[in-house]
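A.B. asks: Sharing a structure below in structure tokens format, with a few things to ask.
The values are calculated or read from the model by the stated rules, or taken from the named source; none is laboratory data. Just so we're clear, the structure is a prediction, and the values are computed from it rather than from any experiment. Here Cβ is always computed from backbone atoms with ideal geometry, including for glycine, and neighbour counts include all displayed protein chains. Heavy atoms of the whole protein, side chains included, go into the accessibility calculation; ligands, DNA and RNA do not. Shrake-Rupley method; radii C 1.70, N 1.55, O 1.52, S 1.80 Å.
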Amino acid sequence: MQQVRVRFAPSPTGYLHVGGARTALFNWLYARKNGGKFILRIEDTDTERSTRESEEMIMRDLKWLGLNWDEGPDVGGDFGPYRQSERLDLYKTFAEKLIESGHAYFAVYDKEDPKKVLYTSVQRPSDGTAYTIVFKVPKNKIISYDDMLKGTIEFSTEYMEDFIIFKSNGFPVYNYAVVIDDHTMNITHVLRGEDHISNTPKQILIYEALGWQPPKFMHIPLILGADKTPLSKRHGATAVEYFRREGYLAKALVNYLAILGWSVDEEIFDYVEKVSSFSPEQISNKNVVFDYQKLEWVNSKHMKMLSSEQMYEQFLDWQRFTGNDKQVPKSVFEICKEKVNTLKQLYEFALPFIEEEYEYSDEYVEKFLKKPEARDIIQNALQEFSALDEYNIESVEATLRKIASTLQIGTNKVFQTIRGALLGKLVTPGLFESIVVLGKEKTKRRLKRTLEKIDSLN
Ligand code: GLU
């Protein structure tokens with residue numbers, strides 16, 4: 001049996017989109033399942049829009065997701081080079097063949113009006129002339145192929161026009177280069193977004209003209225936004241990098257992309273462990289809608305699956321990547337990690353523990369600090385905590401409950417007043433744990449600071 005060889009072929013014209021990441025994932029799974037090879041090819045023939053920065057970003061994000069490739073521009077391989085801009089000679093050679101065999105011709109343009117075709121010819125135009133190479137579409141032909149997901153797809157060439165395969169700037173167009181590359185790189189299966197269905201007949205015509213067998217195609221439904229149009233910036237963030245910055249775990253993002261349209265037996269899993277159960281037939285032919293809330297839920301599940309050590313490591317990695325580099329002590333990390341869904345939320349939870357100049361939220365000030373009993377509550381806490389010998393969760397809790405009963409104020413009000421006094425916010429890790437982690441001295445200092453804040457309000 002032929003070895004499975006699949007590829008992910010991004011155009012380096014921007015960031016890695018979650019849709020692209022999902023395509024890469026399905027290719028990766030298919031290669032790993034079949035003991036095949038996963039190839040990364042950079043399709044940079046659009047010279048105006050392609051950049052090295054984008055290429056590097058795409059590779060960085062794929063690596064972060066764990067979708068490692070066996071051959072590619074950075075790691076090399078037997079079928080390189082893996083950047084289209086470095087394969088121009090190859091494209092030229094086959095274009096010559098197409099001209100010789102009568103499947104393509106030159107179109108020569110007017111120097112003054114570069115859109116105007118002066119004449120076409122099978123002879124190479126003299127140097128300095130602006131020309132393109134055009135593929136000749138055979139008339140009245142039915143092109144048919146079996147899509148692994150969509151079944152048999154047929155196109156008629158009746159309304160297809162001849163199309164350019166080489167531009168006048170000496171670069172090939174995508175539909176042509178992709179054929180040369182997939183063939184010369186021995187690609188066996190092309191798994192890609194269904195936005196490429198309409199390109200497939202052109203590609204098949206080129207395969208046929210060169211006497212080559214096309215690979216098997218599988219066109220995967222696109223990821224849509226809530227309004228059922230293809231997911232784009234209009235719907236919210238779509239860059240893999242964005243989700244990394246927001247503190248999502250790579251494994252969680254991949255898990256979510258996997259279940260978007262792949263029916264597996266369970267919803268939460270480590271994709272690496274699912275390789276053996278992957279089969280392309282399980283990919284749904286229905287449209288899938290990207291659900292940001294569900295992604296956050298998946299992430300929270302993955303956070304819970306990590307040991308404390310593992311999560312700390314991921315957290316440090318996130319800090320390095322985002323530059324949110326305030327050092328979070330392990331004790332603070334431990335209590336913050338319980339209630340959060342992302343690493344970024346964890347950091348935001350931790351910040352008030354670290355910063356002495358924490359802000360008081362408007363909500364806290366309005367609902368608690370401006371109330372007449374706030375001063376009493378805080379003053380009492382200051383006194384009682386100062387007198388505490390054993391400073392632990394039980395004693396701290398008992399102290400706050402005692403204050404509530406002495407002052408005849410509801411416990412919730414006491415707790416929230418103290419919570420905000422110490423951390424500035426009403427949503428924080430568990431109150432008693434937080435007070436213990438802050439320690440007696442910090443707690444006292446912060447209560448005093450809040451008393452001063454009350455003074456400044458009056
Ligand atoms: N460069 C193309 C894209 O980014 C690749 C399409 C394909 O997989 O053939 O859409």
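A.B. asks: Pairs only if they're at least six apart or on different chains, beta carbon under 7 angstrom, first in region 2-15 and touching a residue at least 12 places away in the same chain (Cβ under 8 Å) and in a strand (DSSP E or B), second more than 7 Å from the ligand (Cβ to nearest atom) and small (Gly, Ala, Ser); list them, first residue then second.
C.D. replies: Listed by first residue and then by second, the contacts come to 5/36; 6/31; 6/36; 8/24.
So that you can scan it fast, the table gives a plain yes or no per residue for (1) within 16 Å of the ligand (Cβ to nearest atom); (2) open to solvent by 10 Å² or more (accessible area, probe 1.4 Å); (3) under 26 Å from residue 238 (Cα atoms):
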| site | (1), (2), (3) |
| --- | --- |
| 25 | yes, no, yes |
| 51 | yes, yes, yes |
| 55 | yes, no, yes |
| 61 | yes, no, yes |
| 72 | yes, no, yes |
| 83 | yes, yes, yes |
| 97 | no, yes, no |
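A.B. asks: Taking only region 263-321 into account, find how many residues are farther than 29 Å from residue 30 by Cβ and outside any helix (DSSP H, G or I).
C.D. replies: 1
A.B. asks: Could you please find all residues in region 185-207 being away from the ligand (no atom under 13 Å from the Cβ) and open to solvent by 10 Å² or more (accessible area, probe 1.4 Å)?
C.D. replies: 186, 188
A.B. asks: If you don't mind, there's one more thing I want to ask. Could you list, in sequence order, all residues of region 420-430 that are assigned to a helix (DSSP H, G or I) and in contact with a Phe, Trp or Tyr (Cβ under 8 Å, 6 or more places away or on another chain)?
C.D. replies: Matches in region 420-430: 420, 423.
A.B. asks: Another question about this same structure. Has region 225-241 got at least one residue that is β-branched (Val, Ile, Thr), out of contact with any Pro (no Cβ under 7 Å at 6 or more places or on another chain) and open to solvent by less than 10 Å² (accessible area, probe 1.4 Å)?
C.D. replies: So far as region 225-241 goes, yes, one or more of its residues are β-branched (Val, Ile, Thr), out of contact with any Pro (no Cβ under 7 Å at 6 or more places or on another chain) and open to solvent by less than 10 Å² (accessible area, probe 1.4 Å).
A.B. asks: Condition first: open to solvent by 10 Å² or more (accessible area, probe 1.4 Å) and in a strand (DSSP E or B). Now tell me which residues in region 208-221 satisfy that.
C.D. replies: 216
A.B. asks: Let me ask something else. Scan region 168-179 and give yes if some residue there is assigned to a loop (DSSP other than H, G, I, E, B) and over 34 Å from the mean Cα position of the chain (by Cα), otherwise no.
C.D. replies: yes
A.B. asks: Under 8 Å between Cβ atoms, at least 6 apart or on separate chains: pull out the pairs that start in region 43-54 with a residue that is assigned to a helix (DSSP H, G or I) and end on any residue that is within 14 Å of the ligand (Cβ to nearest atom).
C.D. replies: Short answer, once both residue conditions are applied: 52/12; 54/12; 54/13; 54/14; 54/15.
A.B. asks: Step by step: first the residues of region 1-21, then only those that are over 30 Å from residue 168 (Cα atoms) and open to solvent by less than 10 Å² (accessible area, probe 1.4 Å), then the one that is nearest to the ligand (Cβ to nearest atom). Which residue is that?
C.D. replies: For region 1-21, the residue satisfying everything is 6.
A.B. asks: Here are the criteria: (1) open to solvent by 30 Å² or more (accessible area, probe 1.4 Å); (2) within 34 Å of the chain's Cα centre (by Cα); (3) among the β-branched types (Val, Ile, Thr). Tell me which single one residue 93 does not satisfy.
C.D. replies: Condition (2) is where residue 93 drops out.
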